[in-house]
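Asks: Okay, here's the structure, questions in a sec.
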Amino acid sequence: MKRFLNSRSTKLRNVLWALAVTILATGGAAAATTAPLDERQLLDAGFKVLVATTKVQEEWVRKLPPGKIRPMQRTGKKYFIYPDPSRNQVYVGGPKEYETYVQLHPENRVADPQEAQIAASAYRMKQADAMQKATARDLSDPFLGVSWADLGW
């Protein structure tokens with residue numbers, strides 16, 4: 001019976017340690033997030049405020065990543081939006097307003113979408129090449145890497 005209690009207390013201690021480490025790790029990650037932008041500076045740069053009036057709009061605003069300016073394209077026009085979920089509103093500006101804001105705060109620049117697309121395309125090509133090599137290797141080996149020793153013979 002004592003052995004059972006000792007193993008149970010050991011498991012409980014391990015679970016508590018794991019929980020404590022998880023809490024510390026997530027607390028550090030939360031502290032590392034960027035502070036929200038100053039909405040007044042967005043307004044000074046020419047951004048306009050759109051208030052969410054319907055439930056669908058409110059849900060959409062809540063789903064956006066907070067504290068970041070996000071590029072968006074709608075009907076062929078490029079926009080930059082900054083959500084404010086606490087007030088159920090978004091700040092919307094075009095490329096001119098965004099450039100005005102970035103001149104004041106270059107640290108908040110959004111990554112160039114064309115560069116991101118080129119990097120994503122290169123990554124997909126690299127993965128496709130690796131997959132073709134793996135497929136060719138698997139087709140050439142009827143046992144898929146298994147030897148007679150692995151089969152127990």
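Read-outs: derived from the displayed coordinates by stated rules, not from any lab. All of these numbers come straight from a predicted model, not from anything done at the bench. Quick reminder, even Gly has a Cβ in these numbers, built from the backbone with ideal geometry, and neighbours come from all protein chains shown.
Asks: Please order Met131, Met72 by the number of other Cβ within 10 Å, starting at the fewest.
Replies: Least to most surrounded, the residues fall as Met131, Met72.
Asks: In this model, which of Lys48/Lys77; Lys63/Lys126; Lys68/Lys96 are farther than 26 Å apart at the alpha-carbon?
Replies: Lys63/Lys126
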